[in-house]
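To keep things clear, I will list the structure first and then write my remarks on it.
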Amino acid sequence: SEIADLLNTHFDMLAEPIEAEGGTVDKYIGDAIMAFWGAPEDMPDHAARALRAAAEIQSRVRTDNERRRKSGDTPLAIRVGIHTGPVVVGNIGSRNRINYTIVGDAVNIASRIDSIAKEMATNEDCIVLVSGDAREHATSEPEHSYALEPLGAREIRGREGTVSIFRLDAKS
């Protein structure tokens, strides 16, 4: 029950910025959240919304971990992978179990970017990696104010070519 309470509190903290930016929390996968923007209603600024949500999540995790450290609790490290691209969205599943969800190459790339963040994260509370496509789409918004450090092109497992990766830091 302690782990369930911890996860529920943690997921509340992470889901709020997603929902505040018009995102949909698709599902919880173990200790992970899968979220998306732009469906069922089109959101031309979906990438900017995702980056704003990620920056708020990063800030919240850092603040929560300061509190956890002061009270002698173990800090929680998280990672975020963001990508944009065409997907299939709708009710997908079997006759006995169906979910409103998204599938497609863009979903897989976001997951692979999250894996890259896992490889990079050492002692950070929250690492947010953004694909070049998501960065380009988000920074086309006039109110863009994200500090995105270029990390170069990375190979993505399961696809040919590379994806440009950028690191978001909410402190900047």
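So what's the net charge close to residue 148: Lys and Arg +1, Asp and Glu -1, counting the other residues with Cβ under 12 Å from its Cβ?
Charge balance in the 12 Å sphere: -1.
Would you calculate a helix-derived [θ] at 222 nm for the chain, using -39,500 (n - 2.57) for each DSSP H run of n ≥ 4 and dividing by the full residue count, to the nearest 500?
After summing the helix terms and dividing by residue count, I get -13500 deg cm²/dmol.
Using a 1.4 Å probe on the protein chains only, how many percent of the accessible area of the range 19-146 belongs to carbon and sulfur?
Roughly 47 percent of what the probe reaches on the range 19-146 is carbon or sulfur.
Take residue 162 and residue 140, extend 7 Å from each Cα along the Cα→Cβ direction, and tell me the distance between the two endpoints in nm.
2.4
Can you tell me the accessible area per residue over the chain, all protein chains present, probe 1.4 angstrom, in square angstrom?
59
Please check: in the Gaussian network model of the chain (C-alpha springs, under 10 Å), which one of 62, 95, 159 has the largest mean-square fluctuation.
95
Expected output is a single nm value to one decimal: the length gained when fully extending between residue 62 and residue 98, i.e. 0.36 nm times separation in residues minus the C-alpha distance. What is it?
9.4 nm
Can you give the accessible area of residue 74, probe radius 1.4 Å, in Å² rounded to 10?
100
Could you work out the pair-distance distribution P(r) of the range 1-63 from its alpha-carbon pairs, with 10 angstrom bin width and percents rounded to whole numbers?
Per 10 Å bin, starting at 0, the Cα pair percentages come out as 22, 51, 23, 4, 0.
Stokes-Einstein D for the range 29-150 at 37 °C, 0.692 mPa s, Kirkwood Rh over Cα pairs, in µm²/s?
Rounded, D is 207 µm²/s.
Less than 12 Å Cβ to Cβ from residue 32, Lys/Arg counted +1 and Asp/Glu -1: what total charge do the surrounding residues give?
Net of charged neighbours comes to 0.
Around residue 13, with a cut-off of 9 angstrom between Cβ atoms, what is the net charge of the other residues, counting Lys and Arg +1 and Asp and Glu -1?
-2
Between residue 149 and residue 7, what is the label-point separation in nm under the 7 Å Cα-to-beta-carbon projection?
For residue 7 paired with residue 149, the spin-label model returns 3.2 nm.
The values are calculated or read from the model by the stated rules, or taken from the named source; none is laboratory data. Bear in mind the structure is a predicted one, so any value in this text is a computation, not a measurement. Cβ coordinates were reconstructed from backbone atoms using ideal geometry, including for glycine residues, and neighbour counts include every protein chain displayed. Please note that ligands, DNA and RNA were not included when accessible areas were found on the heavy atoms of the full protein model with its side chains. Shrake-Rupley method; radii C 1.70, N 1.55, O 1.52, S 1.80 Å.
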